[in-house]
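Structure provided below as structure tokens; questions to follow.
The values are calculated or read from the model by the stated rules, or taken from the named source; none is laboratory data. Please read these numbers as outputs of a predicted model, since none were measured by experiment. A quick note on method: Cβ atoms are made from the backbone with ideal geometry, for glycine too, and the neighbour counts reach across all protein chains shown.
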Amino acid sequence: MLFWPARWGLRSFAVTLGVLALIEIAIGVGLYLRTGPQVNGLVAQLGSDAARFFADEAARMARVQRNFVVVQFIEVAVIVLAAIPALALKNRFWIAGIALGLLLNAALLLAFDLVAERRGAAYLAAIEARARE
């Protein structure tokens, strides 16, 4: 709502941020609802078949880590591609606002994904080390 006043010409920026926020909230709620049952399943598998748990979880996390790289390149591409119209069309407020909203959102997601990838790498290393024991 901070960017809504017409005098700033940032309504398209506000709408872009709002739409992306709603999408990300929906994704976050889905992940939250999925996490509890997933953890319970992993704990049960660890207790019943530890060897299979380590093999399956290492494969899953390797796939997750590869996906992080792809997602991060997409985020960087969105940052670059959004920066161009944000600068080149800065006098066309509705286009510049959308571009700035995409740019800001992609930059924040990139920051979070870089941290999540680092955490995932540590978890994967621990899983692989334990699987070798």
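Please find, within segment 43-59, the residue that is surrounded by the fewest Cβ atoms within 10 Å (Cβ to Cβ) out of those that are in contact with a helix residue (DSSP H, G or I) (Cβ under 7 Å, 6 or more places away or on another chain) and without any contact (Cβ under 8 Å) to a residue 24 or more places away in the chain.
Top of the filtered list is Arg52.
Any residue at all in segment 68-83 that's modelled with pLDDT of 95 or more and in contact with a Phe, Trp or Tyr (Cβ under 8 Å, 6 or more places away or on another chain)?
Within segment 68-83, none of the residues are modelled with pLDDT of 95 or more and in contact with a Phe, Trp or Tyr (Cβ under 8 Å, 6 or more places away or on another chain).
Assess whether Val43 counts as being closer than 25 Å to Ala129 by Cα, of a type in the set (Val, Ile, Thr) and assigned to a helix (DSSP H, G or I).
Yes; evaluated as a whole, the condition is true for this residue.
Pairs only if they're at least six apart or on different chains, beta carbon under 7 angstrom, first in segment 19-40 and in contact (Cβ under 8 Å) with a residue 24 or more places away in the chain, second surrounded by 10 or more Cβ atoms within 10 Å (Cβ to Cβ) and assigned to a helix (DSSP H, G or I); list them, first residue then second.
Leu20/Gly101; Leu20/Asn105
Tell me, yes or no, whether segment 4-26 has at least one residue that is surrounded by fewer than 11 Cβ atoms within 10 Å (Cβ to Cβ), over 25 Å from the mean Cα position of the chain (by Cα), at pLDDT below 95 and under 30 Å from Leu89 (Cα atoms).
Within segment 4-26, one or more residues are surrounded by fewer than 11 Cβ atoms within 10 Å (Cβ to Cβ), over 25 Å from the mean Cα position of the chain (by Cα), at pLDDT below 95 and under 30 Å from Leu89 (Cα atoms).
Now for a different question. When you look at Ile127, is it β-branched (Val, Ile, Thr), farther than 23 Å from Val19 by Cα and crowded, with 17+ Cβ neighbours inside 10 Å, yes or no?
yes
Shifting gears a bit: Conditions first: (1) closer than 30 Å to Thr16 by Cβ; (2) in a helix (DSSP H, G or I). Lys90 passes all but one, so which condition is the exception?
With respect to (1) closer than 30 Å to Thr16 by Cβ; (2) in a helix (DSSP H, G or I), Lys90 is out only on (2).
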